[in-house]
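Below is one structure, written out as structure tokens; the observations come after it.
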Amino acid sequence: MLQQGALVGLKVVEFTDQVAGSFCARLLGDAGADVVKVEPLGGDRHRKNGPFPSGVPDPDWSGLFLYLNSNKRGVSLDIESPGGRAAFQDLVNAADFLVLGHNSSEIERLGLRREQLAEANPKLIVTAITPFGLTGPNSGYLGDDLIAISAGGMAYATPGIPDMVGDPDLEPPLRSNTNMAGYLAGVQGAVACVAALLSRTIQGTGCEIDLSMQEAVAAVMPFELAHASYHEAKARRPEIFGVMPNAYLPCKDGYVVVMAVMEAHWRNLMDLADNPDWAELEVFSSGVERARNWDALEPLLLEWTMAHTGAEIAQLAQDRGIPCFPAYTVGQMVDSAHVKERGFMRDMEGPGGQTFKLPGYPVRMERTPWELFRPAPALGEHTSEVLQEWLGYTVDQLTNPGVGTR
Amino acid sequence: MTALPLEGVRIADFGQIIAVPYTAQMLAWLGAEVILIETEQRLTTRVWPPFAEAEPGVNRSGGFNMVNSSKLSCTLNLRDPDGVALAKQIISVSDVVVENYSSGTMERMGLGYEDVKSLRPDVIYLSLGAFGRTGPMKDLVGFHSVINLFSGLASVTGHKGSHPRIMGGLFPDAFSGCYCVLALLEAIYHRANTGEGQHIEVAMTEALGGLLPEAVMEYTLDGTEPERVGNRHREKAPHNVFRCRGDENWVAISVEDDAQFLALSQAAGNLGWAADPRFSSPEARLKNQDDLEPLIQEWTSVLDVPEVVEKLQAAGVPAGPVLDSAQVLADPHMVARGFVQSPEHPEVGQRPLGAFSWTVDGGRPGIARSAPLFGEHNQKVIQELLQVPDDEFARLLKNGAIS
């Protein structure tokens, strides 16, 4: 397939054992760059993660690996052996980008700082994504998704508006059961890479990008930080929204957000609820009053939400311009007419003919469109191909215990 | 210090609320000249809390000031033909247009992509929508909560046996904004190589849908819906937050192998844990975390958060504090790294905010200036840049095309 991405012609070497670095490199591949994923001889750790199409672990068919590593080629090297390290250095010397994703101590131990790599390739852009960054008092700390989501402020902030903590003793801070910090850091890493590329066109040389997952989490919460910065008070959980109703409530078949903070929305909502007598009470006469008297209002609204399904509430409300919405399951999202019509999910086929889907790309670009032009590589699938094509390696050079060919 | 990549690039910012304002702010930090086009008749974050010292005012909102730093503010009435004409003039001297009005709004004002392309054939034009600009739900109003709920993210977030929860931090806006910045930088690079502009469309629901590959795969393989598991993990245990001394203080601890668990046991002064057959392998710990977590909780509950973090990190166990927003802005590590910056604002003084999450050769590409006052740069933009003469400027001010 002809690649049309904006980064066609640029070379990327990826060496990482975390979601963030893999996702960052995938996004560069999504934009058309020639991305070579360097894996240890035993394979990337995410090959073990699953889920697997047949339900049985298979390193070439881990769902997480497939998602993180499409639009890349795969090379297998033991970079701690002389032969593997030499091949790795040769690849880096030929590359525009080196994307790293490890704990910072591992990057230091392996000698992968830019000053140690770029003498032979001053144009090299090194992007290191680590839990706490390469510098600063906590830079040596180990971390993963839970640690970054916690130390970046997002776990404390969850559940977020308009969801609320019931009993703080029973509800500690919460993480989503996804690799969210990895994706947040990955996309910011890709931004940093392309920004560095534009800088390189001005000044001619590359640079070292030091991206902290902790900061990548904090960076996507400007509104939450604004509360701390402008109120000068600790943002306590739970905090009720200042204007009501903007509430997350149970309904007949699940949960629904009911948002009617504007007076017109509130009146429309009361119309839908058949204008009960209490709608006229002084204590509910404005959004601020309704927030102040939320303890009285909530059970009254619950009578209405519990009498309807989430879909009914959303339909009735959205028809009147009130932004209400039910909690979808993953299946409801995947099967929705909206997702189908936009073609967001991509069809995949497993080794035994199993069919399944993976999410596509959230951006549509008119002239440089995204395509899934290459599935994730099998372990060592492109070692020979890439070392020959990028570096002109001979068969002799490929025969080395540090170089994993298939 | 590396050259700022967007010096000389001009952005016309029609951003609303957070997502696109945040996008354009990142472009401003990268050196672009960002002209924020505001309409007095439909202000959002400027008139929403949090306000400095809880005192309302169009220049006092943290929600506005934290996503509009380093920009120029130009206040045009886009319901007035003269205001729209000025917006078109700004676009004709801009490289990039970004907007996230409701679907169809820019088109109704005559500022849609096709209109703009005739003014500026190589324009890069980005539209972001909660549900995107196509599909049966394109007109739905969607705030961050709706995006959490539709995308399925809420369904994988929540305590065990409890209902779906909404992630905190209004992050769908900023996360989608990062995709916008990525696409725009790619488009700017493409234009530098080819001379071509283009249209870009981003759907916030899809940015979030991309967080759930495993759940989507499992559902489409055999209809399995994910269970909510609190802070637990499918392969690691212990993997949770634990209470420490004091009120509302927690530490996050994540252990993935026997070596880390042995180190945790040693750090906690209880080697019995590692010897206990219930906890002697990753599989055993996963199975018996209901027994294990209270033991760890008992140890952490009499210690301060930093004490636990330092002990565990020194022993090689991944651990971190659960920080709230105020603690994030005061965190000595992030402050030392330059993540927290405090530009001076003429009305509200210095307010700390979060900059880029990365440094470049050790320096932080960052915030040049605080957010603009309402209409602060009308003269600079309309008179100096667009060369509108004095008498015409006075007329536009008088008839309300400029606020």
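The values are calculated or read from the model by the stated rules, or taken from the named source; none is laboratory data. The structure presented is a predicted model; accordingly, all values stated were derived computationally and were not measured. FYI the Cβ positions are ideal-geometry reconstructions off the backbone, even for glycines, and counts take in every protein chain you see.
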Problem set entry | Residue ranges of helices (runs of 4 or more DSSP H) in segment B:1-113 with at least 1 members over 21 Å from the mean Cα position of the chain (by Cα), more than 19 Å from residue B:378 (Cβ to Cβ) and in contact (Cβ under 8 Å) with a residue 60 or more places away in the chain | B:105-108
Exercise. If a residue has to be hydrophobic (A, V, I, L, M, F, W, C), surrounded by 13 or more Cβ atoms within 10 Å (Cβ to Cβ) and either over 24 Å from residue B:150 (Cβ atoms) or without any contact (Cβ under 8 Å) to a residue 60 or more places away in the chain (or both) to count, how many in segment A:252-294 make the cut?
Worked result: 13
Exercise. Is it the case that residue A:169 is part of a loop (DSSP other than H, G, I, E, B), within 23 Å of residue B:163 (Cβ to Cβ) and more than 7 Å from chain B (Cβ to nearest Cβ)?
Worked result: yes
For this session: Just name the residue that is nearest to residue A:353 (Cα to Cα) out of those in segment A:36-59 that are touching a Pro at 6+ places or on another chain (Cβ under 8 Å) and either crowded, with 17+ Cβ neighbours inside 10 Å or not assigned by TED's automatic domain parsing to the domain that holds residue A:350 (or both).
Result: A:53
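Looking only at residues that are among the hydrophobic types (A, V, I, L, M, F, W, C) and under 26 Å from the mean Cα position of the chain (by Cα) in segment B:226-279, which one is nearest to residue B:158 (Cα to Cα)?
Step one: filter segment B:226-279 for residues among the hydrophobic types (A, V, I, L, M, F, W, C), giving B:229, B:237, B:241-242, B:244, B:250-253, B:255, B:259, B:261-264, B:267-268, B:271, B:273-275, B:279.
Next, from what is left, pick out any that are under 26 Å from the mean Cα position of the chain (by Cα): B:229, B:241, B:250-253.
On the way: B:229: 7, B:241: 14, B:250: 17, B:251: 18, B:252: 17, B:253: 18 Å.
Only one residue tops the list, namely B:229.
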Seminar exercise, completed: If you go through A:258, A:283, the only one that is of a type in the set (A, V, I, L, M), over 30 Å from residue B:352 (Cβ atoms) and more than 33 Å from the chain's Cα centre (by Cα) is A:283
Problem set entry | Residues satisfying the stated conditions in segment B:310-344, i.e. over 15 Å from residue A:226 (Cα atoms) and either at pLDDT below 95 or among the small types (Gly, Ala, Ser) (or both) | B:314, B:315, B:316, B:319, B:320, B:336, B:338
Exercise. From the list B:135, B:158, which one is in a loop (DSSP other than H, G, I, E, B), surrounded by fewer than 23 Cβ atoms within 10 Å (Cβ to Cβ) and of a type outside the set (S, T, N, Q)?
Worked result: B:135
Exercise. Take the residues of segment B:114-132 that are crowded, with 19+ Cβ neighbours inside 10 Å and not in a loop (DSSP other than H, G, I, E, B): which is farthest from the other protein chains (Cβ to nearest Cβ)?
Worked result: B:116
For this session: Could you tell me whether residue B:285 is surrounded by fewer than 21 Cβ atoms within 10 Å (Cβ to Cβ) and of a type in the set (Lys, Arg)?
Result: no
Exercise. Taking segment B:1-29, which residues are at the interface with chain A (Cβ under 8 Å from one of its Cβ atoms) and in contact with a Phe, Trp or Tyr (Cβ under 8 Å, 6 or more places away or on another chain)?
Worked result: B:18, B:26
Exercise. So which of A:64, A:28, A:41 is part of a helix (DSSP H, G or I) and either in contact with a strand residue (DSSP E or B) (Cβ under 7 Å, 6 or more places away or on another chain) or among the acidic types (Asp, Glu) (or both)?
Worked result: A:28
Exercise. Which of the strands (runs of 3 or more DSSP E) contained wholly in segment B:173-263 include at least 1 residues that are modelled with pLDDT of 95 or more, more than 7 Å from chain A (Cβ to nearest Cβ) and more than 30 Å from residue A:328 (Cβ to Cβ)?
Worked result: B:239-243, B:250-254
Exercise. Of the residues B:170, B:128, B:153, B:184, which single one is touching a residue at least 24 places away in the same chain (Cβ under 8 Å), in contact with a Cys (Cβ under 8 Å, 6 or more places away or on another chain) and among the hydrophobic types (A, V, I, L, M, F, W, C)?
Worked result: B:128
Exercise. Hey, residue B:170 hits all of (1) away from chain A (no Cβ under 14 Å); (2) crowded, with 24+ Cβ neighbours inside 10 Å but one; which does it fall short on?
Worked result: (1)
Problem set entry | Residue, surrounded by the fewest Cβ atoms within 10 Å (Cβ to Cβ), within segment A:352-401, restricted to residues that are among the basic types (Lys, Arg) and closer than 30 Å to residue B:121 by Cα | A:367
Exercise. Do any strands (runs of 3 or more DSSP E) lying entirely in segment A:339-406 carry at least 1 residues that are within 14 Å of chain B (Cβ to nearest Cβ), over 30 Å from residue B:198 (Cβ atoms) and of a type in the set (Val, Ile, Thr), and which ones are they?
Worked result: A:355-359
Exercise. Residues A:146, A:134, A:124, A:142: which one is in contact with a helix residue (DSSP H, G or I) (Cβ under 9 Å, 6 or more places away or on another chain) and away from chain B (no Cβ under 11 Å)?
Worked result: A:124
Exercise. Taking helices (runs of 4 or more DSSP H) that fall entirely within segment B:301-398, which contain at least 3 residues that are in contact (Cβ under 8 Å) with a residue 24 or more places away in the chain and not assigned by TED's automatic domain parsing to the domain that holds residue B:90?
Worked result: B:305-314
Exercise. Going by the structure shown, is residue B:153 modelled with pLDDT of 95 or more, over 20 Å from residue A:166 (Cβ atoms), out of contact with any Phe, Trp or Tyr (no Cβ under 8 Å at 6 or more places or on another chain) and more than 7 Å from chain A (Cβ to nearest Cβ)?
Worked result: no
For this session: Restrict the check to segment A:48-59 and report whether at least one residue is outside any loop (DSSP other than H, G, I, E, B), of a type outside the set (Phe, Trp, Tyr) and under 22 Å from the mean Cα position of the chain (by Cα).
Result: yes
For this session: State whether one or more residues within segment A:194-202 are surrounded by 24 or more Cβ atoms within 10 Å (Cβ to Cβ) and either more than 8 Å from chain B (Cβ to nearest Cβ) or in a loop (DSSP other than H, G, I, E, B) (or both).
Result: no
Exercise. If you scan segment B:156-167, which residues turn out to be more than 25 Å from the chain's Cα centre (by Cα), more than 7 Å from chain A (Cβ to nearest Cβ) and not hydroxyl-bearing (Ser, Thr, Tyr)?
Worked result: B:160, B:161
